[in-house]
1. Hey, can you tell me all the residues within the range 1-22 that are acidic (Asp, Glu) and surrounded by 12 or more Cβ atoms within 10 Å (Cβ to Cβ)?
2. Filter the range 33-64 for residues that are loosely packed, with under 13 Cβ neighbours inside 10 Å and over 10 Å from the mean Cα position of the chain (by Cα) and give the result.
3. Within the range 51-65, can one find any residue that is in a helix (DSSP H, G or I), modelled with pLDDT under 95 and among the basic types (Lys, Arg)?
4. Take the range 38-50 and flag every residue that is part of a helix (DSSP H, G or I) and over 14 Å from Gly25 (Cβ atoms).
5. Are any of the residues in the range 23-32 open to solvent by 80 Å² or more (accessible area, probe 1.4 Å) and free of Cβ contacts under 8 Å to residues at least 12 places away in the same chain?
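The values are calculated or read from the model by the stated rules, or taken from the named source; none is laboratory data. Just so it is clear, the structure is predicted and the values come from calculations on it, not from any experiment. Methodologically, a virtual Cβ is constructed for each residue, glycine included, from the backbone with ideal geometry; neighbour enumeration extends over all protein chains shown. Surface accessibility is based on the protein's heavy atoms, side chains included, excluding ligands, DNA and RNA. Shrake-Rupley method; radii C 1.70, N 1.55, O 1.52, S 1.80 Å.
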Amino acid sequence: MEITDVSGVSPGLFITGIIFILLVGSLLSLGVLRFFQQKKRQGTFYFIGSVVSFVVMVLVVNRWFA
């Protein structure tokens, strides 16, 4: 068993990651919920929002934390 060293992770990167992970996860789960409720248009918008949020997260992390 190895222990992961996270001492090199800055607080800004950690907070940014947490915020985006919560956003992407929330939008994704709401999209799944809307599809189960037969609300396909809303579900599609939530899925698109989730993908856009993920892309923005990747761009932000690459721009400011690389």
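1. Those that are acidic (Asp, Glu) and surrounded by 12 or more Cβ atoms within 10 Å (Cβ to Cβ): none in the range 1-22.
2. Scanning the range 33-64 gives Phe36, Gln37, Gln38, Lys40, Arg41, Ile48, Leu59, Asn62, Arg63, Trp64.
3. Taking every residue of the range 51-65 in turn, at least one turns out to be in a helix (DSSP H, G or I), modelled with pLDDT under 95 and among the basic types (Lys, Arg).
4. The answer is Lys40, Arg41, Gln42, Gly43, Thr44, Phe45, Ile48.
5. The answer is no; no qualifying residue exists.
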